[in-house]
Amino acid sequence: MALIDIRDDYLAQTRRKRIYGGLLVVIFVAMMVSGFRVADARNAGGFWTGLSSVGDFPADVVSEAVAKVANLPGHMVRALPAMVETLNIAVVATLLGCMAGTALAMGATRGLARWPRLVPLMRRISDVFRAVPEIVIALVLIFILGGGPVPAVIAIAIHTAGAMGKLFSEVNENVDLKPLDGLASVGATWSQRIWLGVIPQVAPNYLSYALLRLEVNIRASAILGFVGAGGIGYELRNAMTFGQGKFDQAAAIFLMLFAAIVVVDQISGLARNRLTHGAPL
Amino acid sequence: MTAIPMPADDLRDSTIRLMTRKRRIALAVPALILVYLAYVAVAFDLGGLAQRARLDNAAILLADAVSHKVHVTRDNRRETLQVSVEGSNRAVFSESQIPDWVQAQGDGARIDLGAGHVVTYDGPRVVYDIPDYGPVTLDTSDGVSVQVPGGTLPDFINASPTRATITTDQGRVTATASRTETLRYFWGWEMFFFDLSSPFSGMTAGQVLSTIIGGAPLVEGVSNLSLALSEFWTNDIWQHGAVAWAIFETVLMAFLGTFGAAFVALPLAFLAAQNFTPSRWLRFAVRRVFDFVRGVDALIFTIILSRAFGPGPLTGALAILLTDTGSFGKLFSEALENVDDKPIEGIRSTGANAVQRYRFGVIPQVLPVLLSQMLYFLESNTRSATIIGAITGGGIGLLLTQAIQTTQDWEKVTYYILLVIVMVIAMDSLSGWLRRKLIRGA
């Protein structure tokens, strides 16, 4: 084959690739634009008419909060128990969800599972748990258990168990099996092998994922409060539905929620850094 | 490998010390967790919850999720009789459609609940003949009076001067001054395919199929297949068309939000990456913007945006877009800081300008990483869009919350939940498939 043929071939291939790439981009942009137009048409208010008033509501809240700035600390203190409840919901749900997720992961990893035949079943369970949005379980449980933090905890924990079941089992795939063989050779039972051979290897990764999940769950817990599961979201909705006149309270809650999310994100970020890069000696 | 020379005693001591410390931690951590859980159990009032829990609600929910009831209602003021599914005005049986276990004559009726249970409406008087017990008579002409065979009311009859309810395994009879209602339960979801006003109503699956394949057109000028499809799509009770639109809206919110955010975040990420933006202050400012947007959270954005744009999918999409701009900005700028400088140098040496350097030197390096992150977010945003939809009023999330809040149509709630799960799993597989395809293709 002559050199020129090869060059032509290569150029043709590049051109084809570029056309495909360009075509993909065009299709994608068309999808975005038409999707935006459909969403705009189905929205109660239009995008372009609403755009000018986006700032109105925050401006109302801020101006009222500034006018009544002396009230803010009082509102914050009054909302503190609700904030603590939201944090508690997130922490308990993360704890319980991670425990269940660990169990699911141990059962869903080939080579580690106690009952290898159940591996596909465990995976499907994680998939379904992960797929259910928290709000679905929360609303059904609120109907049965009444409003309050417990439905939110159960809802978030189930979703967390599914998500962690998947992430943890991915961590488990990389476990070094030699310590397990060693433990098996001295007659360790399955639970001893897992507890002494696997957990020490995976603990830093597990913890890191669990902390990341805690950040997500605090947001979820605030949102669930908004639909009736107690905590700061519930207080926020009450202040919001009252509207003008209670915006200082809404502003105080906004600020507190924002601060809590940022603080937890920062702490967990630092802790995760330490877990992945090792503790400074 | 050389061992560090160390007296055996020292080594043993330090090992033992390390082991005791580890053992202490191994005991302390579960103990702390237990103490915390105990505190939360008190704070969340678990004891009170056991009393507040409505297990009867759970039983209703479970039974209703897989069954439906047919109401036979006599309006005691207007003296009319109506047979309907779930008591819905949209599912009233016409004269000719009334099932054969109800024999109606004017406003009177003989209702066969099966297993020998028979309810007879006779003017304002209702007689419920219960096998092994005897006839129970309810009279609604003046308040509600109950006559039972033994004289004392058994557990399954709940009576007050204005209302009486008889609940048996076969059904339920409720009588008030204004109306008398008999409920019979049936297994399955009623009229899932065709509602009562449809010409296909009441046919078995086989009959529907044979009508579609070889039957004479039920409506002049329309083929039976397209008639069946349009009847299914516009089913008045299950509203398949509206539900499909709602799911589409939810996916649309996730799609617009995720990729819109990526679109906004990519240029900003260059400003936050150390190797592309020498100015420390600019970098700092952009990064704080990302942190702020991420911290404010979708809930608050949803509230603010729905005030300006009203409820709907656009509001949800914009809320996702704003929140994810923060997350993507952070992730993208980290990916950009990890790019290899050599290809960029090479392209610069051919005389390329900045845009060309970015397009051919940087983007090909980071694109697989960015795309895979976007696709991860697309899947999780489908779930977020369901939740945001419940707050901002769009998509399947809204339908679901409405169905749950009416606390009646649990079969619809079950249907929506199944649809949501299928939707999320489908998006998960789609994003996984695209991810594998793109990363392997690149």
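The values are calculated or read from the model by the stated rules, or taken from the named source; none is laboratory data. Keep in mind that what you see is a predicted model, and the values were worked out from it rather than measured. We place every Cβ from the backbone using ideal geometry, glycine too, and count neighbours over all the protein chains shown. Just the protein is used for accessible areas: all its heavy atoms, side chains included, with ligands, DNA and RNA removed. Shrake-Rupley method; radii C 1.70, N 1.55, O 1.52, S 1.80 Å.
Which order do the peptides A:139-152, B:277-290, B:72-85 take when ranked by the mean count of other beta-carbon atoms within 10 Å per residue, highest first? Show your work: numbers first, answer last.
Numbers: A:139-152: 22.7, B:277-290: 13.6, B:72-85: 17.0.
My ranking of the peptides, most packed first, is A:139-152, B:72-85, B:277-290.
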- Note on the structure: Output field shielding_mean for B:390-400 (other chain Cβ, 10 Å radius) holds 3
- Mean shadow area (nm²) of the C-alpha convex hull around the protein assembly as shown is 50.4 nm²
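Dividing the alpha-carbon Rg of segment B:69-187 by 2.2 N^0.38 Å yields what?
Working: Rg = 13.4 Å, N = 119, 2.2 N^0.38 = 13.5 Å.
Normalised Rg, Cα atoms only: 0.99.
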- Item | Isotropically averaged projected area of segment B:76-128, using the convex hull of Cα atoms (one quarter of hull area), nm² | 4.0 nm²
- For segment A:1-42, restrict the atom set to alpha-carbon positions and state the Rg and Dmax in Å. 18.0, 60
- Message: As a test question: what accessible area, to the nearest 10 Å², does B:ASP428 have when a 1.4 Å probe is rolled over all protein chains in place?
- Response: 40 Å²
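As a check on your grasp of the helix formula, calculate [θ] at 222 nm for chain B: sum -39500 (n - 2.57) over DSSP H runs of n ≥ 4, divide by the residue count, round to the nearest 500. Show your work: numbers first, answer last.
Values: 13 runs with 248 residues, N = 442.
Computed mean residue ellipticity for chain B: -19000 deg cm²/dmol.
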- Item | Carbon plus sulfur fraction of accessible area for segment A:60-277, probe 1.4 Å, in percent | 66 percent
- Ordered by number, the residues of segment B:298-325 with at least 30 Å² less accessible area in the assembly than alone (1.4 Å probe) are B:LEU299, B:ILE300, B:ILE303, B:ILE304, B:ARG307, B:ALA308, B:PHE309, B:PRO311, B:PRO313, B:LEU314
- Over segment B:182-270 - Rg/Rh using Cα atoms and the Kirkwood inverse-distance radius: 1.28
- Keeping all protein chains in place, calculate the accessible area per residue for the protein assembly as shown (probe 1.4 angstrom), answer in Å². 53 Å²
- Task: Grab the eigenvalues of the alpha-carbon gyration tensor for chain A, scale each by 5, take roots, and send me the semi-axes largest first in whole angstrom.
- Result: 41, 36, 19
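Checking understanding here: applying a Kyte-Doolittle mean of at least 0.5 and a length along the axis of at least 30 Å (C-alpha), which whole DSSP H helices in chain B pass?
Working: long enough: B:8-43 (52 Å, 0.67); B:240-272 (47 Å, 1.71); B:280-309 (36 Å, 0.81); B:313-337 (35 Å, 0.70); B:363-392 (39 Å, 0.86); B:410-441 (45 Å, 0.74).
For chain B, where a helix must reach 30 Å along its axis and average at least 0.5, the hits are B:8-43, B:240-272, B:280-309, B:313-337, B:363-392, B:410-441.
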- So the pair-distance distribution of segment A:137-263, from every Cα-Cα distance in 5 Å bins, comes to percents of 2, 10, 15, 14, 13, 12, 9, 8, 7, 5, 3, 2, 1, 0, 0
- Item | Helix-only [θ]222 nm of chain A, DSSP H runs n ≥ 4, -39500 (n - 2.57) each, per residue, nearest 500 | -27000 deg cm²/dmol
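I'd like the carbon and sulfur percentage of the solvent accessible area for segment B:288-406, probe radius 1.4 Å, heavy atoms only, ligands and nucleic acids excluded.
Working: 2660 of 4470 Å².
About 59 percent, which is the carbon plus sulfur part of the accessible surface.
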- Calculate what fraction, in whole %, of the accessible area of segment A:1-42 sits on carbon and sulfur atoms when a 1.4 Å probe is rolled over the protein chains. 67 percent
- Query: How would A:GLU170, B:GLU411 rank on accessible area, largest to smallest, probe 1.4 Å?
  - Reply: A:GLU170, B:GLU411
- Check B:LEU113: other-chain or 5+ apart residues with amide H under 5 Å from its amide H, H built from backbone geometry? B:VAL118, B:VAL119
- Item | Sorted peptide list for A:80-90, B:38-48, B:115-125, A:9-19, criterion being average Cβ within 10 angstrom, highest first | A:80-90, B:115-125, B:38-48, A:9-19
- Task: Only counting protein heavy atoms at a 1.4 Å probe, give the residues of segment A:37-56, ordered by number, whose accessible area falls by 30 Å² or more when the other protein chains are present relative to the chain alone.
- Result: A:VAL38, A:ALA39, A:ARG42, A:ASN43, A:ALA44, A:PHE47, A:VAL54
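Am I reading the B/A interface right? What is its buried accessible area, both sides, 1.4 Å probe, to the nearest 100 Å²? Write down the numbers at each step before the final one.
Numbers: alone 26120 and 17310 Å², together 37990 Å².
Chains B and A together bury roughly 5500 Å² of accessible area.
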- Dipole size in debye (nearest 20) for segment A:60-277 around its Cα centre, Lys and Arg Cβ +1, Asp and Glu Cβ -1? 580 debye
